[in-house]
Amino acid sequence: MQESEIVNKLDVIFKNVFADESIQISPDLTADDVEGWDSLSHVDMIVSVEEEFQIRLTTREVASLKNVGNLIQIIQNKKTV
Amino acid sequence: MQRKNYLELLKQSPSAMDESLKKVKIAILANHSIQQFARILKTTLRDERFEAQVYEAPYDSIAFETFDETSELYAFQPDYVYLSFAMQKYRERFLSCALPQEKEQLPSLMFDELKQIVEKLRSRDLKVILAVPPLPFERIFGNFGAVTNQSLYGSCLTFNYKILEFSRQNKLLINDLMFISNSVGNNNFLDERLWASSKYLCANKFLPDISYSLARVIAVDNGVITKCLVIDLDNTMWGGIIGDDGINGISLGGDAYGDSFLTFQKYILSLKKRGYILAVCSKNTHEIAMDAIVNHPEMILREADFAVIMANWTDKASNISHIASVLNIGLDSIVFIDDSPFERDLVKTALPMVHVPEMPEDSSLYVKALEDSGLFESTNFSEEDSSRNDMYRVEALRSTEKLQSNNIEEYLSSLEMKIEFKSFSEVDLPRIAQLIQRSNQFNLRTQRLSEIECSKYSKVEGKIGLSARFSDKFGDYGIISAVCLDRVEDFLMISELVMSCRVLKRGVEDCLINQIFGVCNLLGLEGVRGEYIPTSKNSLVKDFYKNFGFRRCESNEEIEIWHLSSAEFTNRPHLIEGI
């Protein structure tokens, strides 16, 4: 899957889950940058990503996420089989 | 009511209090995470017209909150305490049992702990709602796991049965998560990763199911209940249309399709025995509807099962209002069951407080659709409930009232109705002939023309055939009317006019008469002549000509002859767009 398509879908998900229309998806975006992004909404975001891309993230993968760039990478890996 | 999903409910979490709603205070004591649940609970309770204040006890502090008299729980003074024990926590205890005897005793031990909590809360006069935990998948014995406490699955089963028995004996309210989990599938409901990382009881997407279920329990406990089922006849109680198909033509029993309606009727009967009042609301002549109810050999529900039977040609919203006033019950206690999206939508629009569950196309799925609606929630049952319908029936027989007409003009214009007139074509002939041969009620002369006779109306000079195709925002109804016109001397004769009863009283009749006079003027004729030949089934159209201003000419008992000159005719208004 093209990175641009992933970014577009993440854009929709992030804006919806974190209730923030001003979010800009970028590789170094983290929870510190977004007010509505706490541990609770983080789970909602992961679940939404899984549903949207029809993938499953392992517990390890979820724990390894440091920024959105990591997330994009993982999605790309899973969607290129 | 449309069920919203998890994210939608989260978004709608109210911040400001709505003072007009009934207030309710709920304390949640759980040994799993509850923050997101507490938020969406407020939204779902709003949908049930309650303004909820929720106290979320700290994680895994059930015993502390309960046994400490000075705890915030008691200071909060809740109306309800919702107790939810995670199956995953039970599992931790189970896995820490060293000896088989400990495993054997575990369900009793865990139940005793739960029982002490509940009894303490009740001793402080608090109302408890107990969640019945979902079952685990770990059997370790395969099928044998169900019958031994050495299996986590068997142990949880034993524990759950103790909870249910305790609730039955002490009249405790329950929120059956075991049922929800079974319905959506254990595999979907439980989520190991979410438990491991965040102590979530289940996948977030099922929190709405749990929340709606709890909201229903609270609503019903506060007296917000449904009492009466108002049910349509055609294609709801049986397959087909009694007015057109006749008592031998409708599907009830006999084959798979007919059996689905029997199953449905038996389900409705069981709802009556559970305490529901039953009423019929059908667009049919009263005699024809009653004939089926009384005489069809397969009917499960008979005349005596209904407190009120409304079979007429008035709109259903007016009929339901009438039923409510005859039974002296609120409109908000009525559930309206009808296969037709048109009727459901009309009632929803005209009477928004009436509950109108969506019905699937497949009649074998009717029962499931009603169960899924959540409208039959209850907190008890007594034997008197079984005779409630009979009591209401006797009362209804005593009272009569005039029908009030609701203004449905606005609704009709929102329907985007369209009509298309065509002459008889080869392709349409079978359907046209079928209409002419099968229509009994909206049929002026009951001339059962064959397909060949119909085809003359597209080939022979002086014979004109009109077919009408109808659609609205719900879909295409196909050809719903056929008219056969003959040019006789200097007037146009309506040799046959039939219309499907499905599109009655929406303006199609007006479109037809406009079209007929259009043809008359095109041919330069003086006027239109029509006959009404009364039968036992077509009293519906006895005033057809009169309503359009026709004058009656010579007639005898068997045939009425009517006439209207085109000079005296003015186009009828209606809300249908011509194509």
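For residues in the range A:51-70 being open to solvent by less than 60 Å² (accessible area, probe 1.4 Å) and assigned to a helix (DSSP H, G or I), which is farthest from the other protein chains (Cβ to nearest Cβ)? Reasoning before the result, please.
Step one: filter the range A:51-70 for residues open to solvent by less than 60 Å² (accessible area, probe 1.4 Å), giving A:53, A:55, A:57, A:61-62, A:64-65, A:67-70.
Adding the requirement that they be assigned to a helix (DSSP H, G or I) leaves A:53, A:61-62, A:64, A:68-70.
Working: A:F53: 16, A:E61: 10, A:V62: 7, A:S64: 13, A:V68: 19, A:G69: 21, A:N70: 17 Å.
Restricting to residues being open to solvent by less than 60 Å² (accessible area, probe 1.4 Å) and assigned to a helix (DSSP H, G or I), the top hit is A:G69.
Figure legend. Inter-residue proximity from the range B:483-509: first residues farther than 19 Å from B:T446 by Cβ and touching a residue at least 40 places away in the same chain (Cβ under 8 Å), second residues of a type in the set (S, T, N, Q) and open to solvent by less than 10 Å² (accessible area, probe 1.4 Å), beta-carbon distance below 7 Å, spacing 6+ or different chains. Indicated pairs: B:V508/B:S481. How many residues, within the range B:142-161, are surrounded by fewer than 16 Cβ atoms within 10 Å (Cβ to Cβ) and among the aliphatic types (A, V, I, L, M)? So the answer is 2. Among the helices (runs of 4 or more DSSP H) lying completely within the range B:1-99, list those that include at least 3 residues that are within 14 Å of chain A (Cβ to nearest Cβ) and modelled with pLDDT under 90. Of the helices (runs of 4 or more DSSP H) lying wholly inside the range B:1-99, those with at least 3 residues that are within 14 Å of chain A (Cβ to nearest Cβ) and modelled with pLDDT under 90 span B:6-11.
Of the helices (runs of 4 or more DSSP H) contained entirely in the range B:349-459, those carrying at least 1 residues that are open to solvent by less than 60 Å² (accessible area, probe 1.4 Å) and of a type in the set (A, V, I, L, M) fall at B:366-372, B:388-398, B:409-413, B:429-438.
Evaluate the range B:140-151: report whether one residue or more is touching a residue at least 24 places away in the same chain (Cβ under 8 Å) and more than 41 Å from the chain's Cα centre (by Cα).
To start, the set of residues in the range B:140-151 that are touching a residue at least 24 places away in the same chain (Cβ under 8 Å) comprises B:149-150.
So of that shortlist, the ones also more than 41 Å from the chain's Cα centre (by Cα) come out as B:149-150.
There is at least one residue in the range B:140-151 that is touching a residue at least 24 places away in the same chain (Cβ under 8 Å) and more than 41 Å from the chain's Cα centre (by Cα).
Those residues that are in contact with a helix residue (DSSP H, G or I) (Cβ under 9 Å, 6 or more places away or on another chain) and closer than 27 Å to B:E371 by Cα, I need them from the range B:1-12; list them, please.
Step one: list which residues in the range B:1-12 are in contact with a helix residue (DSSP H, G or I) (Cβ under 9 Å, 6 or more places away or on another chain), which gives B:1, B:3-12.
Selection gives B:M1, B:R3, B:K4, B:N5, B:Y6, B:L7, B:E8, B:L9, B:L10, B:Q12.
Taken over the range B:234-281, the criterion of being in contact (Cβ under 8 Å) with a residue 40 or more places away in the chain and at positive phi is satisfied by B:N235, B:G246, B:G253, B:G254, B:G275.
Within the range A:42-50, is there a residue that is in a helix (DSSP H, G or I), within 14 Å of chain B (Cβ to nearest Cβ) and either among the aromatic types (F, W, Y) or more than 22 Å from B:S198 (Cβ to Cβ) (or both)? Give the derivation first.
Going residue by residue through the range A:42-50, those that are in a helix (DSSP H, G or I) are A:42-50.
In the following step, the residues that additionally are within 14 Å of chain B (Cβ to nearest Cβ) were identified as A:42-50.
Those left that are additionally either among the aromatic types (F, W, Y) or more than 22 Å from B:S198 (Cβ to Cβ) (or both): none.
No.
Per-residue answers, yes or no, for (1) at pLDDT 95 or above; (2) away from chain A (no Cβ under 14 Å); (3) more than 20 Å from the chain's Cα centre (by Cα):
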residue: B:I174; (1), (2), (3): yes, yes, yes
residue: B:M178; (1), (2), (3): yes, yes, yes
residue: B:S198; (1), (2), (3): no, no, yes
residue: B:L201; (1), (2), (3): yes, no, yes
residue: B:F206; (1), (2), (3): yes, no, yes
residue: B:S213; (1), (2), (3): yes, yes, no
residue: B:D221; (1), (2), (3): no, yes, yes
residue: B:K227; (1), (2), (3): no, yes, no
residue: B:I231; (1), (2), (3): yes, yes, no
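Listed conditions (1) at pLDDT 90 or above; (2) within 12 Å of another protein chain (Cβ to nearest Cβ) are all met by A:N77, apart from (2). B:A317: surrounded by 17 or more Cβ atoms within 10 Å (Cβ to Cβ) and either in a helix (DSSP H, G or I) or under 17 Å from the mean Cα position of the chain (by Cα) (or both), yes or no? Answer is yes for this residue. Kindly indicate whether B:I210 is touching a strand residue (DSSP E or B) at 6+ places or on another chain (Cβ under 9 Å), in contact (Cβ under 8 Å) with a residue 60 or more places away in the chain, of a type in the set (V, I, T) and more than 26 Å from B:K273 (Cβ to Cβ). Answer is yes for this residue.
Having 2 or more residues that are buried (at least 19 other Cβ atoms within 10 Å of the Cβ) is the bar; report the helices (runs of 4 or more DSSP H) wholly within the range B:162-231 that clear it. Even if it seems obvious, please write down each step before you answer.
Values: elements: B:177-184, B:186-189, B:192-198, B:207-221.
Counting at least 2 such residues, we get B:177-184, B:192-198, B:207-221.
The values are calculated or read from the model by the stated rules, or taken from the named source; none is laboratory data. Treat the numbers as computed from the prediction; the structure is a model and nothing was measured. Because the Cβ atoms are built from the backbone with ideal geometry, glycine has one as well, and the counts that use them run over all protein chains shown. Heavy atoms of the whole protein, side chains included, go into the accessibility calculation; ligands, DNA and RNA do not. Shrake-Rupley method; radii C 1.70, N 1.55, O 1.52, S 1.80 Å.
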